[in-house]
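**Q** First, the structure itself, so that you have it in front of you.
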Amino acid sequence: MRIPTGTPSPHLGEVVAIVPNHVCPVVDLFDSFVAVRGESVVGTWPVDARGRRG
């Protein structure tokens, strides 16, 4: 990821939203994830198929 010229870099500890280009292998790396809708946390959802990608 590259930060465009003139854009401030995030500070250490700052939350940064990242949208992966393909979610399947990313989700497979975690036991659960935080689901959000807008600015609200909807919940923490388990990844039942963790580590089972072919």
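**Q** Could you tell me the relative contact order of the chain? Use alpha-carbon pairs under 8 Å, at least six residues apart, and round to a whole percent. Can you show the working numbers first?
**A** Numbers: 41 pairs, mean separation 14.1, N = 54.
Across the chain, relative contact order equals 26 percent.
**Q** Packing-wise, with mean Cβ within 10 Å as the measure, how do 22-31, 4-13 rank, highest first?
**A** Highest-to-lowest ranking by the protection proxy: 22-31, 4-13.
**Q** Test of the criteria: in region 2-54, which trypsin sites (Lys or Arg not before Pro) are in a DSSP loop and have at most 10 other Cβ atoms within 10 angstrom of their Cβ? All intermediate terms of the calculation are to be shown ahead of the outcome.
**A** Numbers: sites: Arg2, Arg37, Arg50, Arg52, Arg53; in loops: Arg2, Arg50, Arg52, Arg53.
Of the trypsin sites (Lys or Arg not before Pro), the ones in loops of region 2-54 whose Cβ has at most 10 other Cβ atoms within 10 Å are Arg2, Arg52, Arg53.
**Q** Using only alpha carbon positions, build the gyration tensor of the chain, then give the equivalent ellipsoid semi-axes as the square roots of 5 times its eigenvalues, largest first, whole angstrom. Working shown, then result.
**A** Values: eigenvalues 136, 52, 18 Å².
The equivalent ellipsoid of the chain has semi-axes of 26, 16, 10 Å.
We did not get these values from a lab; they are worked out from the coordinates using the rules stated. Quick caveat, the model's predicted, so the values are computed rather than measured. When we count neighbours, we look across all protein chains shown, and the Cβ atoms used for this are built from the backbone with ideal geometry, even at glycine.
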